[in-house]
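For reference, the structure discussed in these notes is given below.
No lab work stands behind these numbers, since they all come straight from the coordinates. Everything quoted here is computed from the prediction, not taken from an experiment. Methodologically, a virtual Cβ is constructed for each residue, glycine included, from the backbone with ideal geometry; neighbour enumeration extends over all protein chains shown.
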Amino acid sequence: MQNSDFDIAEIIEGTTKLLVPRESITEIVPPKEPAFFNPRAKLNRDFSIIAYSAFLKNFDGPKIFLEGLSGLGARGLRVSNEIKSVEKVVINDLNPSALEIAKRSARLNELKNIDFSENEICRFLSDYSKKGNRGTIVDIDPFGSPSRYIDCGIRATMHGGMLSVTATDLQVLHGLFQNACKRRYGGTPIKVEYGNEIAIRLILGCIRSVAGRLDIEFIPLFVESDMHYYRVYLKILNRPDQEENLGYIIHCKKCGKREVSLEKKTNCESCGEKNHHAGPLWIGKMFDKKFLEQMLDETKNFQVDKTCERVLQKCILEEDMPGTYYTLDEIASRLKTSPIRLEKIIEVLHESGFKASQTCLNPTGFRTDADIEKIKEFF
Ligand SMILES: C[S@@+](CC[C@H](N)C(=O)[O-])C[C@H]1O[C@@H](n2cnc3c(N)ncnc32)[C@H](O)[C@@H]1O
Ligand SMILES: [Zn+2]
């Protein structure tokens, strides 16, 4: 079918003009034909723009952006148009209609540094996997799980470059289908209030297993959680990772005690009840403070949603806090009382000499090094 058979609308995202099927902005669920475009993923792309700009500003070397699953090119077109330091953008998709629309958008924005590729993503990325030919930033934004694309994504990212990966199979990552999660991510979740952190750590854990096989180390720079997706931004280093950063989150459903550990522990050290385990998953850091500050700086240079600034400010506060967070509702329901203000509990914890911060992963969530019994006391 020709794209002329479809009604195409022109919108602006950031400062980039995008041609999109009109139905993708009028229907609740954007159609996959003639090409997929989700207007609600604007925030996700806004974060990418500031993350990529911050990264490239501090990257010494060729500045090449490879997008493996571009759809009609919203992200790649924005990178090409809005990030001036980018030298070359290559966007790839299997869907020729999507690429045809992307080409028209590129002409509309008078973009000169963008190439188009119609290929299966792993074939596309394999063309860029030879040393000297790899991408500075590689972006993988699939429908569902990214697990099948991790190998080729890592291989196509140069030493010191960035790999960014989205997952949208939230039901799997949240424990509705444990076997599927084990298959895709190599670990299983538990159903808890901080399920999105477990999901992100499972994604990172999956990438860690593949990277380990390839003698590659990665450093998480930034992770993002949204109602409909999770996204991780990693710096790729061409050397083996000597750290042991795959382990478990151990959770006691009875008293609420939780712990991040390399090993499983059968019983709760606090109340003796049988523990639940999520993992194996990533137990290392999820944020890099310097990078978050650089991203925050970039928010001034782009037309991005104000949410970016707010989220990054929280990330900076929580970047060196312990893994797993508590929510006001969880503590209140354990104590059968009503929640107190988030600022208040953080203030009390600070006054008592504990570390405490909000978390970008949940509006009523907080991290602390105080254990659950102490938190209950302060409530
Ligand atoms: C979630 S959409 C990408 C959205 C896009 N990144 C954005 O920000 O608007 C996923 C895309 O992957 C494409 N796709 C699915 N499987 C593929 C494969 N194996 N190789 C290449 N493209 C594929 C689909 O045609 C679709 O356009
Ligand atoms: Zn317990």
When you check residue 371 against the structure, is it of a type in the set (D, E, K, R) and within 16 Å of ligand 1 (Cβ to nearest atom), yes or no? no
In region 1-57, what residues are within 18 Å of residue 104 (Cα to Cα), surrounded by fewer than 20 Cβ atoms within 10 Å (Cβ to Cβ) and hydroxyl-bearing (Ser, Thr, Tyr)? 4, 15
I'd like to check which strands (runs of 3 or more DSSP E) are fully inside region 50-121 and have at least 3 residues that are in contact (Cβ under 8 Å) with a residue 40 or more places away in the chain and closer than 24 Å to residue 304 by Cα. 64-67
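Out of the residues in region 212-229 that are over 11 Å from the mean Cα position of the chain (by Cα) and among the acidic types (Asp, Glu), which is nearest to residue 282 (Cα to Cα)?
To start, the set of residues in region 212-229 that are over 11 Å from the mean Cα position of the chain (by Cα) comprises 212-219, 227-228.
Filter once more, keeping what is among the acidic types (Asp, Glu): 215, 217.
Working: 215: 17, 217: 13 Å.
Among those that are over 11 Å from the mean Cα position of the chain (by Cα) and among the acidic types (Asp, Glu), it is 217.
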Would you mind finding the one in 193, 197 that is over 25 Å from residue 94 (Cβ atoms), within 16 Å of ligand 2 (Cβ to nearest atom) and either in contact with a helix residue (DSSP H, G or I) (Cβ under 6 Å, 6 or more places away or on another chain) or touching a residue at least 40 places away in the same chain (Cβ under 8 Å) (or both)? 193
Checking residue 334 against (1) surrounded by 15 or more Cβ atoms within 10 Å (Cβ to Cβ); (2) part of a helix (DSSP H, G or I); (3) within 30 Å of the chain's Cα centre (by Cα): exactly one of these is not met. Which one? (3)
For region 159-178, give me each residue that is touching a strand residue (DSSP E or B) at 6+ places or on another chain (Cβ under 6 Å) and crowded, with 21+ Cβ neighbours inside 10 Å. 161, 162, 163, 164, 165, 166, 167
Out of 89, 79, report the one residue that is within 13 Å of ligand 1 (Cβ to nearest atom), under 27 Å from residue 29 (Cα atoms) and crowded, with 23+ Cβ neighbours inside 10 Å. 79
Having 1 or more residues that are within 16 Å of ligand 1 (Cβ to nearest atom) and buried (at least 18 other Cβ atoms within 10 Å of the Cβ) is the bar; report the strands (runs of 3 or more DSSP E) wholly within region 195-284 that clear it. 217-225, 230-237
Any chance you could count how many residues in region 343-363 are surrounded by fewer than 18 Cβ atoms within 10 Å (Cβ to Cβ) and out of contact with any Asp or Glu (no Cβ under 6 Å at 6 or more places or on another chain)? 9
The correct count of residues that are touching a helix residue (DSSP H, G or I) at 6+ places or on another chain (Cβ under 8 Å) and within 11 Å of ligand 2 (Cβ to nearest atom) in region 258-305 is 2
